[in-house]
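Every number here is computed from the coordinates shown, using simple stated rules; none is lab data. Owing to the predicted nature of the structure, the values given are computational and were not obtained by experimental measurement. Here Cβ is always computed from backbone atoms with ideal geometry, including for glycine, and neighbour counts include all displayed protein chains.
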Amino acid sequence: MTYVTLSRQQTLERCGRPARHVYFLANGAASLIARQRNGLNIEAALVGYEGMVGLSQVFGTEISLSDTVMQSSGTGWRIGARDFRKAMDSPGFRSRMLIFADTVMSQSFATSLAASRGKLMTRLARWLLLFHDRVQGDELELTHDTMAVLLGVRRAGVTMTIHELEGRGLIRAHRGRVTIRDREGLAALAGAFYGQAEDRYERLLGPFRHRNGILY
């Protein structure tokens, strides 16, 4: 494995192409983005220090299911696809990787529910919580354009919603960054769309969410 620095907007894998590497993130967050040929994009899941990027290698298909793009700069450990597949011969390692893949699917299901049933404010509150869970500190490296693309909505809608969340004292947005001010308030807005997938992760793999300002 090689320790690497990962820049914001760096693409780690491309949908439909063989994944050459698997990444275990030490910090930063990466989006798994579902893409259509007509140019429509939406985020299917978010991965941070709690997991890895390269699920096609876990499943043995080797062809990437999504584009995977770093949404905040970070670092991680990179391993070649062939070496990773050799590591999968270990029953304990293989079991843990499959459990993690299960939790990503759970998050993706929750994202689908939120996209089809949740209002934009609810979806944005949930997404900010997902991002907050996976980075150090309360300041998130984000732009309105990024949030619009990942949520599959117009930038103007995100801008209006951000202003409303600021007005409620839940966040503060400034120059490509969003600072979380009231996590409990965001969780109340996200409602049932946030928590079930996170509970599943913690039941299977251990705690990782922010609690009382501390990232576990």
In whole Å, what are the Cα extents of the chain along the three principal axes, biggest one first? 52, 40, 32
Against the longest principal axis of the chain, how steep is helix 91-117, in degrees 0 to 90 to the nearest 10, with axes from Cα atoms? 30
Compute the acute angle (0 to 90°) between the alpha-carbon long axis of helix 155-167 and the principal axis of greatest extent of the alpha-carbon atoms of the chain; round to the nearest 10°. 60
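Rounded to the nearest 20 Debye, what is the dipole magnitude of the chain about its Cα centre when Lys and Arg each give +1 and Asp and Glu each give -1 at the C-beta?
Values: 29 positive and 20 negative charges, 78 e Å.
Its charge dipole is roughly 380 debye.
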Exposure proxy check: T68, T11, T161 ranked by fewest other beta carbons within 10 Å? T11, T161, T68
How about region 116-199: which trypsin sites (Lys or Arg not before Pro) there are in a DSSP loop, with at most 10 other Cβ atoms within 10 Å of their Cβ? R175
Nearest 10 degrees is fine. How inclined is helix 196-205 to the longest principal axis of the chain, computing both from alpha carbons? 40
Let me know the charge dipole size of region 119-215 about its Cα centre in debye, to the nearest 20, where only the beta-carbon of Lys, Arg (+1) and Asp, Glu (-1) is charged. 180
